[in-house]
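Below is one structure, written out as C-alpha cells; comments come after it.
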Amino acid sequence: KDGESMKPLQIRAARARALSHSPLESCTNLERTTASTSSFRSGNISYPNSLIHNMSARQTWGWNTRTVSAASFANQATLLAQRNGGKVFQQHGNVSPSRCGSCNSRNRSHGGTRLVRCFCTQNGSSGSEDSTFTLTTPLYYANASPHMGSAYPTMAADALARYYRLRGKKVRFITGTDEHGEKIALSAESRGLSPKEHVDSISLEFKDLWDDLNIQYDAFVRTTADQHGEMVSKVIEKVWEKGDIYKSRYEGYYCIGCEEYKSESDLLEGNMCPIHQKECVVKDEENYFFRLSKYQEQMEELFEKNPEFVMPEARRNEVVGWVKKGLQDFSISRSAVDWGIKFPTDASQTVYVWFDALFGYVSALLGISSDEIVTEAGEAVGRGWPADLHIIGKDILRFHAVYWPAMLMSAEMPLPKTVFGHGFLTKDGLKMGKSLGNVLEPKALVEEYGSDAVRYYFLKEINFGQDGDFEEERFVNIVNANLANDIGNCLNRTLTL
C-alpha cells in the first residue's frame, strides 16, 4: 500500500489454473478484433505471457516467485482477462472496440490495453447452453426446526451453485424435506398435531430460513407430495419385478433417530446409538427386504473404477471397508409405522423412509422444467439426472454411498457422479443436532449479523469435509477483521480513487 513494494507472491501452477477458471467467466462467443496475443501452454490451459502486465519481475508461470509492485498490482490486478476457449486474451494499442456476442456490451479498456472481458452469464465459456450441473443437499428430516447443522451444507451447496451459474451452466440445485417415518409421527404427537400439520409447519420453517440466508435453490422437494409418492411406488414395482425384493423376518436393535437397524458392533455400552446418545430398542418385524447382497460385485467395481464416487478420501476408505465386509440385505418396509407411503404390493406396510427419501432427488427434477405431472423416474434423465454432486453429512454416508447406488442399479437408472460427506458442526465435542438439543439457532445469527457474515464465516473458517466448532467470539472477530476491516476498507479506498 502507499507505493510500498509488496512481498513476493508464490504463484503455483494450480493457483494459475484457479485464476483462469474464475467464476467471472467470459462468454464463449466473444468477438475478437485483433490477432491473438502470444501465450504458452500449461496442461490444458493457455496462459498469456503477461497476465498482469508491466510487472517488475519474472513472467514465468509455474513454481517461480514473482515480485509485483504495489502500484502495478493495484492498477492491473482488476484487469485480469477472462478465459475464452481456454485462452486469456489482451489487446494492446489502438484497436477497435470488442463486444460480447451475448449481451453486446463493450469491453473495458485501460490506457492502451483493452481486455476482452464480460461479466454477463449468458452462454458461459464452461459449456454449451444445454450443459447442466445438478447438486443436492440432504433432504432434511422434518422432525424439528432447522438449525445451523442444516444450514451449513446448504450454504456450501448454494455457493457452488452460484459458481456454476456464473460459468454458464444450467444449474439444478435441489434441496427439500424428508417428511415420513416413525420419528416424525412421534414428534407430531408430542406437539398435539397430525403428522401432516407438523411437516407442513416444519417445511415452511426450512424455506423461511433459506430465504433469510439468501439460498437460491431451483427445486424444494417434499416427500409427502403426491407426485413423489406415485414415483416411489412405481420404482418399487419395477424393482419387485426384477426379483430384488422379498419378504422376511428380522430382529435387532433399532435407532429411531437414525431410522436404522444397528449391529451390536456399532453400538456403545448399554446399546446406545453413538450419534444420538440414546438406547436403541429391540424390534422384531416381518418386512420386505432389498437384495443389496446381489450387487456386491457391481459395488466393488464401482469403487475400483470411480475413485471420486465418494469424497473426501477418508470417507471413501470408510465406505470401501463396509463394502468389502460383504453387503447385507436391508429392510425397505415397516409394518408398525403408519406415517409413510403405502407399500405398493402390501398395504399393511409402509415404505422404509430411506427408500422413500433418496428418490426425492429424482422426483425433484420431474417438476422443474414442466408443468405436467410426471411420475416416471426415468423421465428425470435428460432433466438433470444423474446428479453431479450429493452434499451430505457423514452420518448418512452409508445410505447415500452404499444403499443408494445399488437401488439405482436395480431401478436401471444412472448413478450420481460424486457423494461428498462433509464433517459435523460440533459443540462441546458432540455433533450439533436436534435430537441432542445442542443446536445453534441460525435465524438469531442472521438477525444479529446478516446473512453474508454468517455465510462467509462458515465457508471460510471450516475445512469442508472436516468437523468444525463454532465460537461466537471468534465469529465476531473474523467478520470484523476480514469483512469490515480488510474488504470494507479496500472497497472504501477504491471508491475514493
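Things to note:
- For region 316-359, a residue qualifies if it is touching a Leu at 6+ places or on another chain (Cβ under 8 Å) and not in a helix (DSSP H, G or I), and the qualifying residues are Leu327, Gln328, Asp329, Phe330.
- Counted residues, region 221-252 - those being in contact with a helix residue (DSSP H, G or I) (Cβ under 7 Å, 6 or more places away or on another chain) and part of a strand (DSSP E or B): 3
- Residue that is farthest from Tyr164 (Cα to Cα), among those in region 208-220 that are open to solvent by 50 Å² or more (accessible area, probe 1.4 Å) and in a loop (DSSP other than H, G, I, E, B): Asn214
- Subset of region 360-388 (residues that are within 21 Å of the chain's Cα centre (by Cα), closer than 17 Å to Leu408 by Cβ and part of a loop (DSSP other than H, G, I, E, B)): Gly382, Arg383, Gly384, Pro386, Ala387, Asp388
- Checking each residue in region 395-414 for being touching a Phe, Trp or Tyr at 6+ places or on another chain (Cβ under 7 Å), open to solvent by 10 Å² or more (accessible area, probe 1.4 Å) and either of a type in the set (Lys, Arg) or more than 19 Å from Tyr141 (Cβ to Cβ) (or both) picks out Arg398, Met409, Pro414.
- Any hit, region 237-247, residues being open to solvent by 40 Å² or more (accessible area, probe 1.4 Å), more than 28 Å from Ala185 (Cα to Cα), within 30 Å of the chain's Cα centre (by Cα) and not hydroxyl-bearing (Ser, Thr, Tyr): yes
- Residue match in region 292-308 (condition: open to solvent by 40 Å² or more (accessible area, probe 1.4 Å) and over 20 Å from Ser410 (Cα atoms)): yes
- Of the residues making up region 171-188, just one is at pLDDT 95 or above and open to solvent by 20 Å² or more (accessible area, probe 1.4 Å), namely Arg172.
- Residue, farthest from Trp404 (Cα to Cα), within region 269-319, restricted to residues that are aromatic (Phe, Trp, Tyr) and in contact (Cβ under 8 Å) with a residue 60 or more places away in the chain: Tyr288
- If only residues of region 309-346 that are under 24 Å from the mean Cα position of the chain (by Cα) and among the charged types (D, E, K, R) are counted, the one that is least open to solvent (accessible area, probe 1.4 Å) is Arg315.
The values are calculated or read from the model by the stated rules, or taken from the named source; none is laboratory data. Remember, predicted model here, so these are calculated numbers, not experimental data. Ideal geometry is used to build each Cβ from the backbone, glycine not excepted, and the neighbour counts take in all protein chains shown. Each accessible area value is taken on the protein alone, full model and side chains, heavy atoms only, with ligands, DNA and RNA left out. Shrake-Rupley method; radii C 1.70, N 1.55, O 1.52, S 1.80 Å.
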